[in-house]
Amino acid sequence: MSRKLTPGFRRHPRVADRMTSAHIDLVQQSLAAERSGNAARALELHTSVPALDLRSRHNLLLAQLASLGEDLPDWVWARWIAYQAIRCEDPGTETGTMQRLALKHVLETFHHDQLADCHADGGDPIRVVAWVASESWLFHQLLVHELGGLDRFVDELATGRLAEHAALARSWVGAPLSGHLVGPALPGGRLCVEDLAAGSWTEVLDLGARSHAGDSGWVLGRLVPSGVDDLLMFDTPPIAVPERVARDVAEAQPWTVVTEALNEGRLVERHFMRADHELVTDVPSIDLLRVGTPRADLERVTAQLRAGRDEIPRAAFRILRRAVDGALPDDDAPHVAAAVLQPAARADARRLLVREGQHDVWTRWAGLVHEPARGLLLDFAEAGRAAG
């Protein structure tokens, strides 16, 4: 089979073996639709290929983007561009060449233990390669920023609306990787973050980065323009690290510090792997389960999730129900935003939770978050007014 397939097919031969020439054509059309910024068309084509897993993270992201329509904030377009650069392994393109070089470097430098364990156990190293390409925060950061994958992807492969919305993404090029301390949430959907390299505190777009900061609040990440009120934001959800590592990264060569910390055991390689890649929020979907599930039920519901039951939309709906009932503090606004961005939960909430007299409740929550979640919550508010 030709490598002109969608990203990752070379690393999933069992899927490739089930693909007919017609399916391959549909995959290529879906990829072209993604790169033109047409999530709805890409989703339609993607779901028409029987060999593809409709429960995959990629399919869920396409469904989420498609449900939001075309009027997306520029920071969502920028994240979508970066995500597609990560997935691009097209032969004959500079972006694809960089993707393969970055993957090789990261496997040899940061994830070599996984490959060694795989070989020792007689496993399939292709699975490790696919896992790293899909989930490694280190790989994503190296490719998109240090190797210029974001810029190259825009130049080579972005078309249509995706290319038209590329200006903010280009402004992210050159943003340094640094250590930060995530502080308290502020009114109006803002988050207080200390930039250790600059030695100052700043207000950033609050998309839920505190979900990744752990108990101490020390993280690695890049602050980039958000396009919203001159606020910065994390280009992708940051990674929790010990304070010493955060400070060392801010003061020295970041990749040297990270490599040494991994070699010395001060960082754990698996902590840089993320199954829940997010574009329209910084809140990982698994965190919705924690916030949206009663403590007594959490173990049972988590087991059901692992068994294949789609528990995330159910948890998101429960968060929205608690929000309208006044059972959530304002600090949970990023979780409310992430919940309403779940298409199934949003549809259920629109049908079951929007009632007369609730206009002010939904409007208040909308004032604590940013687009695209803000518009969805305001839609609830207007529906509640109309119901009256």
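Within the group VAL258, VAL249, VAL283, which residue is within 17 Å of the chain's Cα centre (by Cα), hydrophobic (A, V, I, L, M, F, W, C) and surrounded by 19 or more Cβ atoms within 10 Å (Cβ to Cβ)? Answer to the selection: VAL283. Against the criterion of being at pLDDT below 95, open to solvent by 20 Å² or more (accessible area, probe 1.4 Å) and either farther than 26 Å from ALA175 by Cα or assigned by the TED database to the domain that holds ARG306 (or both), ALA120 qualifies. When the test is whether a residue is more than 19 Å from the chain's Cα centre (by Cα), closer than 28 Å to LEU288 by Cα and either surrounded by fewer than 21 Cβ atoms within 10 Å (Cβ to Cβ) or basic (Lys, Arg) (or both), VAL268 passes it. Within the stretch 164-192, the set of residues being closer than 18 Å to LEU279 by Cα and either in contact with a Pro (Cβ under 6 Å, 6 or more places away or on another chain) or in contact (Cβ under 8 Å) with a residue 60 or more places away in the chain (or both) comprises HIS165, ALA166, ALA167, LEU168, ALA169, SER171, TRP172, GLY189. Taking every residue in the stretch 105-127 that is farther than 21 Å from THR256 by Cα and pairing it with any residue that is buried (at least 17 other Cβ atoms within 10 Å of the Cβ), at least 6 positions away or on another chain, the pairs with Cβ-Cβ distances below 7 Å are LEU115/LEU107; LEU115/VAL128; CYS118/VAL128; PRO125/CYS118; ILE126/ARG11.
If the condition is being free of Cβ contacts under 8 Å to residues at least 60 places away in the same chain, touching a helix residue (DSSP H, G or I) at 6+ places or on another chain (Cβ under 7 Å) and farther than 17 Å from LEU378 by Cβ, then the stretch 323-344 contributes LEU328, ASP332, ALA344. Of all residues in the stretch 196-219, those satisfying the criterion of being in a loop (DSSP other than H, G, I, E, B) and within 25 Å of LEU289 (Cα to Cα) are ASP206, LEU207, GLY208, ALA213, GLY214, ASP215, SER216, GLY217. For the stretch 1-45, filtered to residues that are closer than 29 Å to ASP71 by Cα and β-branched (Val, Ile, Thr), the residue that is modelled with the highest pLDDT is VAL27.
The values are calculated or read from the model by the stated rules, or taken from the named source; none is laboratory data. Note that the structure is a prediction, hence the values are computed from the model and not measured. Methodologically, a virtual Cβ is constructed for each residue, glycine included, from the backbone with ideal geometry; neighbour enumeration extends over all protein chains shown. Note: accessible area is taken over every heavy atom of the protein model, side chains too, but ligands, DNA and RNA are not part of it. Shrake-Rupley method; radii C 1.70, N 1.55, O 1.52, S 1.80 Å.
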